[in-house]
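The values are calculated or read from the model by the stated rules, or taken from the named source; none is laboratory data. Predicted model only: the values in this text are computed from it and were never measured. Neighbour counts are summed over all protein chains in view; Cβ atoms, including those assigned to glycine, are modelled from backbone coordinates with ideal geometry.
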Amino acid sequence: MNKIQHTTELNAFNRRRFLQGLIGGTGLSVISPVGLRADSHTSAHTEAPSVLVDVTRCIGCRQCMRACKNANDLPDDTELSEGFPSSWDHQELRFDQWTVVNPVTGCNGDGYEVTRNVKMQCMQCLEPTCVSVCPVGALTKSELGPILYNADRCIGCRYCIMACPFDIPKFEWNSGMSPVVGKCQFCTRKRLAEGRLPACVESCPTGALKFGRREALLFEAHSRIKSHPDRYINHVYGEREAGGTAWLYMSDVPFENLGFKSDLETAPLPTLTWEVLSKIPIVAAAMAGLFGTVAWSLNRQEKDE
Amino acid sequence: MSAGWIFIIVCTVSLTWAALCLAYDRRPRLLRPITAITVVGIWASATWTLIRRFTEGLGAVTGMNDAAPWGLWIGTDVFAGVALAAGGFVIAATVHIFRIERFEPILRPTILTAFLGYVLVAIALFIDIGRPLSWWHPLVMWQEHSIMFEVTWCVILYSTVLAIETSPVVLERLGLTKLLKLVKITTIPVVIAGVILSTMHQSSLGSLYLIVPGKLYGLWYSPLLPVFFLISAVAGGMCVIIVESFFSAKILKRSLESSLMVDLGRAASVILYLYLAVKFADLAVRGTWSLMLEPNLQGGLFLLEMLGGVALPAILLSFRRVRMLPRGLLAASLLVMAGVVLNRMNVSWFGMSVNEQLNYIPTWMEIALSLGFITFGTIAFLLAVRYLPVFPKTEGEPSNEPSFWVLTK
């Protein structure tokens with residue numbers, strides 16, 4: 001039932017247009033990163049392929065973790081590979097583990113301790129900080145949204161790890177000369193290009209993950225909240241955080257109690273550095289003029305004497 | 001593991017003792033062999049660290065992790081190293097742009113110090129980036145929205161500028177007068193380029209942290225971070241010149257250019273007062289000043305940095321009596337240097353940790369490599385001073401006896 005629903009969503013996405021943009025986007029983005037400025041493409045924001053996570057529907061089976069590893073050729077933990085996980089150990093994101101689901105216990109609105117399963121992966125920011133800080137364009141935003149990583153460009157400076165407001169990218173610390181940075185890339189290269197859903201969404205047995213256009217998912221989230229104000233808190237996480245993300249969360253427990261970062265700026269972070277960077281040419285030119293004049297006039301004065 | 005830490009403590013104590021002996025003109029017979037053994041020990045362990053870093057990865061030798069992707073090598077060696085090498089552009093501008101030619105005698109040693117500093121910073125970066133063989137990528141794969149991209153370009157260009165500014169020392173020694181003339185013609189434009197590049201990347205190291213308003217503690221995060229990094233680098237760079245002149249005078253048995261040092265001390269004091277004023281205005285405007293009274297690690301470190309590394313030396317240096325005293329000047333300058341180092345550690349490490357939960361503890365191997373950088377730079381400087389015309393010939397009496405400090409002989 002859910003699978004059918006998802007496929008219809010994807011069809012409604014206007015597949016041809018999506019594929020054209022995607023292929024053009026990945027090809028172009030290798031050459032020049034797009035979409036770093038806040039005002040650059042609002043329509044791409046509403047169209048962005050997105051996922052709505054309904055925390056109340058997640059049963060914590062970790063099928064998505066397994067599907068992610070298989071789809072991206074990442075080493076599969078034995079613990080995860082045989083049917084349901086044998087233990088419920090806390091799992092961390094790693095360079096070779098791009099999504100995790102962990103049970104988190106926190107206070108709900110009525111003050112009761114409840115446990116919810118929280119999926120974590122790259123949030124796919126609309127104005128990605130990692131893309132803006134990468135000095136070599138190893139991280140790029142493909143035209144339709146997802147942020148891709150290209151190890152052939154990466155120098156391993158780890159600024160993306162330092163700067164990410166959600167602490168998502170992870171580093172391969174035990175490789176001597178060619179470590180990589182690992183994070184969810186929304187299955188863009190393999191699955192989306194073939195018109196298939198991200199592996200985690202496809203594997204979800206409960207419909208906790210729903211794929212669609214960002215605008216449509218936001219509408220859906222708010223109408224779910226409106227029709228069940230008793231079941232959900234009135235906050236879609238990712239709608240505004242860090243300038244907006246493609247992954248959207250809805251929950252019955254306040255997000256800060258589930259370990260989500262609650263103090264994020266709603267303005268996109270890349271503007272913070274661009275405000276400084278864009279002034280550099282003017283400042284440099286002014287300094288060159290000033291110091292040039294001082295040196296020249298003092299030099300002449302000396303010669304006159 | 002603890003053997004490594006004991007080794008580091010022994011090495012640090014030994015180097016400090018050697019510096020104190022020099023400062024107080026005591027030269028016990030054991031000074032030279034003990035220092036030599038210490039340096040050899042440091043270099044051996046640094047080599048061991050490097051071999052493991054390039055074979056087993058950064059995780060094998062450093063305490064860095066995904067929560068603290070930048071450790072001691074970046075946060076302290078690179079950030080503080082660049083800041084403390086700022087004397088180069090300050091003195092070059094003073095002499096060549098503002099034509100205050102009194103400072104000419106300390107120009108060459110200062111430029112040499114800065115050049116060696118930048119060479120070490122470049123080596124540290126090569127070791128620290130995960131994929132060192134890709135170091136040249138920023139040169140051809142442009143991403144001009146990244147502060148890191150700008151810093152990389154500025155550091156590479158400024159290292160070139162410093163190489164040109166240092167070249168007369170080598171050219172003179174080799175007697176290449178034609179080339180020397182060519183370099184001298186280009187001096188003023190090269191110096192101006194150096195000042196612009198330095199201003200840009202000194203401040204940009206601070207701008208690297210503008211992107212993490214939610215992570216860097218409120219006492220250090222500020223839209224003025226680039227300004228603070230630049231001002232503190234200028235003060236720190238001046239104090240490095242004082243410390244370096246003091247010790248090279250002791251080691252080379254030359255007279256100290258005391259009047260210049262006194263002036264530098266006074267200028268540093270003014271800049272430190274400026275830093276304090278801007279810092280407290282910034283805290284007041286952003287309403288974060290109350291954070292420094294919080295009884296936590298960050299509050300304490302901030303007070304230590306501000307009082308011990310800025311206010312105290314600023315006050316000390318504003319007294320003529322302290323400035324006229326070589327060891328008083330030295331002590332105040334060392335405080336300023338320590339303050340700059342602590343500031344960079346606060347921004348890159350303690351300020352990025354949540355309260356007392358430090359996100360990272362350096363390993364002894366990281367410290368061994370850092371000590372390796374410091375000793376390597378010092379010995380390279382002393383060798384250069386010995387064999388190249390760095391100091392003006394006229395000042396001080398040249399001693400015929402072999403230099404006491406040259407360990408390689």
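Is one or more of the residues making up region A:214-226 at the interface with chain B (Cβ under 10 Å from one of its Cβ atoms), surrounded by 14 or more Cβ atoms within 10 Å (Cβ to Cβ) and part of a helix (DSSP H, G or I)? No, region A:214-226 has no match at all. Can you confirm whether B:Ile97 is at pLDDT below 95, surrounded by fewer than 24 Cβ atoms within 10 Å (Cβ to Cβ) and either in contact with a Gly (Cβ under 8 Å, 6 or more places away or on another chain) or of a type outside the set (Gly, Ala, Ser) (or both)? Yes. Scanning region A:130-152 for residues that are farther than 11 Å from B:Ser146 by Cβ and out of contact with any strand residue (DSSP E or B) (no Cβ under 9 Å at 6 or more places or on another chain), we see that the one that is modelled with the highest pLDDT is A:Asp152.
Looking only at residues that are surrounded by fewer than 14 Cβ atoms within 10 Å (Cβ to Cβ) and within 24 Å of the chain's Cα centre (by Cα) in region A:263-291, which one is farthest from the other protein chains (Cβ to nearest Cβ)? My answer is A:Thr266.
Taken together, the residues in region A:150-199 that are crowded, with 21+ Cβ neighbours inside 10 Å and hydroxyl-bearing (Ser, Thr, Tyr) amount to 2.
Among helices (runs of 4 or more DSSP H) entirely within region B:22-96, having at least 3 residues that are farther than 30 Å from B:Thr187 by Cβ and of a type in the set (A, V, I, L, M) singles out B:31-56, B:58-61. If you go through region B:114-135 and pick out every residue that is within 24 Å of B:Gly194 (Cβ to Cβ) and more than 9 Å from every other protein chain (Cβ to nearest Cβ), you end up with 12. For region A:152-172, indicate whether the set of residues that are in a helix (DSSP H, G or I) and away from every other protein chain (no Cβ under 14 Å) is non-empty. No; the residues of region A:152-172 include none that is in a helix (DSSP H, G or I) and away from every other protein chain (no Cβ under 14 Å).
Scoring B:Leu30 on the criteria (1) modelled with pLDDT of 95 or more; (2) farther than 30 Å from A:Val180 by Cβ; (3) over 24 Å from the mean Cα position of the chain (by Cα) leaves a single failure, condition (1). Considering region B:305-390, the qualifying helices (runs of 4 or more DSSP H), each wholly inside and each with 3 or more residues that are among the aromatic types (Phe, Trp, Tyr), buried (at least 16 other Cβ atoms within 10 Å of the Cβ) and at pLDDT 95 or above, run over B:364-387.
A:Ser142 fulfils the conditions (1) closer than 25 Å to A:Ala71 by Cβ; (2) of a type in the set (S, T, N, Q); (3) within 10 Å of chain B (Cβ to nearest Cβ); (4) surrounded by 24 or more Cβ atoms within 10 Å (Cβ to Cβ) except for a single criterion, (3). Once region A:257-271 is narrowed to residues that are closer than 16 Å to A:Gly109 by Cα and part of a loop (DSSP other than H, G, I, E, B), the residue that is modelled with the lowest pLDDT is A:Ser262. Filtered by the rule that a residue be surrounded by fewer than 24 Cβ atoms within 10 Å (Cβ to Cβ) and outside any helix (DSSP H, G or I), region B:144-159 gives B:Glu144, B:His145. Cβ-Cβ contacts under 6 Å between residues 6 or more apart (or on different chains), taken from a first residue in region B:51-64 that is at negative phi and more than 7 Å from every other protein chain (Cβ to nearest Cβ) to a second residue that is surrounded by fewer than 20 Cβ atoms within 10 Å (Cβ to Cβ) and in a helix (DSSP H, G or I), are listed as B:Arg52/B:Ala60; B:Val61/B:Arg52. Does A:Asn299 fit the bill of being within 8 Å of chain B (Cβ to nearest Cβ), out of contact with any helix residue (DSSP H, G or I) (no Cβ under 7 Å at 6 or more places or on another chain) and of a type outside the set (Val, Ile, Thr)? Judged against the criteria, A:Asn299 is a match. Of the helices (runs of 4 or more DSSP H) contained entirely in region B:185-289, those carrying at least 2 residues that are basic (Lys, Arg) fall at B:258-286. The set of residues in region B:178-215 that are facing chain A (nearest Cβ under 7 Å) and of a type in the set (A, V, I, L, M, F, W, C) comprises B:Ile188, B:Ile192, B:Val195, B:Ile196, B:Met200, B:Leu210, B:Ile211, B:Val212.
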